[in-house]
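Down below is the structure, laid out as structure tokens.
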Amino acid sequence: MTAALSHTGRLLVATPVLTDPNFARAVVLLLDHDDQGALGVVLNRPTPVEVSTVLDGWADLTGQPAVVFQGGPVALDSALAIAVVPGEPGHGEPIGWRRVHGAIGLVDLEAPPEVLAGELGAMRVFAGYSGWSPGQLEAEIAEGAWYLVDCEPGDVSSPEPERLWRSVLRRQRGPLAMLATYPDDPTMN
């Protein structure tokens with residue numbers, strides 16, 4: 001796959017027909033997408049687990065809600081963090097943070113939190129991730145399971161994650177904006 005076809009840094013928004021409980025109404029940030037497959041995290045699945053109970057020192061750097069999010073069904077026993085660092089690429093990136101796309105990057109949770117304290121604009125911690133084998137994501141998009149849209153830095157740390165699916169659709173042009181009003185249960189309409 002050429003770099004021009006990579007969807008790294010974009011959002012996958014579950015279409016109403018995607019009923020898999022792991023992904024129904026999910027908004028997934030793609031952290032890596034190439035000919036080896038794709039990897040991302042679900043941005044709108046907060047858990048009741050507070051960051052402070054599982055990662056000492058990181059809770060003060062996370063946005064609200066300061067809970068761990070379920071990034072997907074793969075490797076739920078592992079954690080990864082995403083943070084927004086304002087500024088242009090290549091201008092003194094902070095130690096312990098690796099740019100993924102635009103202002104969004106991965107945080108090294110092994111680094112001391114105080115090293116990044118003044119650098120991060122917003123951070124979110126995820127348990128697990130979402131993964132696709134080579135060609136699998138492309139097939140799911142072609143089948144109509146996902147809409148592929150642009151990400152905005154604020155999507156990573158939305159203070160109302162339960163509204164993210166609707167708000168991302170609402171800002172799209174054309175028919176996608178109308179889907180933001182799609183009922184949770186169309187049989188009750």
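Exactly one residue among GLY57, GLY118, GLY92, GLY87 is surrounded by fewer than 16 Cβ atoms within 10 Å (Cβ to Cβ), over 27 Å from TRP165 (Cβ atoms) and in contact with a helix residue (DSSP H, G or I) (Cβ under 7 Å, 6 or more places away or on another chain), and that residue is GLY57.
Take the conditions (1) open to solvent by 20 Å² or more (accessible area, probe 1.4 Å); (2) in contact (Cβ under 8 Å) with a residue 60 or more places away in the chain; (3) under 17 Å from the mean Cα position of the chain (by Cα); PRO134 misses just one of them, which is (3).
Within segment 52-65, the residues that satisfy the criterion of being in a loop (DSSP other than H, G, I, E, B) and out of contact with any Pro (no Cβ under 6 Å at 6 or more places or on another chain) are LEU55, ASP56, THR62, GLY63.
If the condition is being more than 21 Å from ASP32 (Cα to Cα), open to solvent by less than 60 Å² (accessible area, probe 1.4 Å) and of a type in the set (A, V, I, L, M, F, W, C), then segment 100-115 contributes only ALA111. Filtered by the rule that a residue be assigned to a loop (DSSP other than H, G, I, E, B) and of a type in the set (Val, Ile, Thr), segment 92-127 gives a lone residue, ILE95. One residue alone among VAL68, VAL13, VAL49, VAL41 is on the phi < 0 side of the Ramachandran plot, open to solvent by 40 Å² or more (accessible area, probe 1.4 Å) and in a strand (DSSP E or B), and that residue is VAL49. For segment 71-96, residues that are under 17 Å from the mean Cα position of the chain (by Cα) and either at positive phi or β-branched (Val, Ile, Thr) (or both) total 6. Residue pairs whose Cβ atoms lie under 9 Å apart, sitting 6 or more positions apart in sequence or on different chains, and linking a residue in segment 101-126 that is at positive phi and among the aliphatic types (A, V, I, L, M) to a partner that is open to solvent by less than 40 Å² (accessible area, probe 1.4 Å) and at pLDDT 90 or above, do not occur here.
Applying the criterion of being in contact with a Gly (Cβ under 8 Å, 6 or more places away or on another chain) and modelled with pLDDT of 95 or more to the residues of segment 18-31, the residue that is surrounded by the most Cβ atoms within 10 Å (Cβ to Cβ) is VAL28.
The values are calculated or read from the model by the stated rules, or taken from the named source; none is laboratory data. What you see is a predicted model; the values in this text were computed from it and never measured. Every residue, glycine among them, receives a Cβ derived from its backbone with ideal geometry; neighbour counts consider all protein chains shown. What goes into the accessible areas is simple: the full protein's heavy atoms, side chains included, and nothing from ligands, DNA or RNA. Shrake-Rupley method; radii C 1.70, N 1.55, O 1.52, S 1.80 Å.
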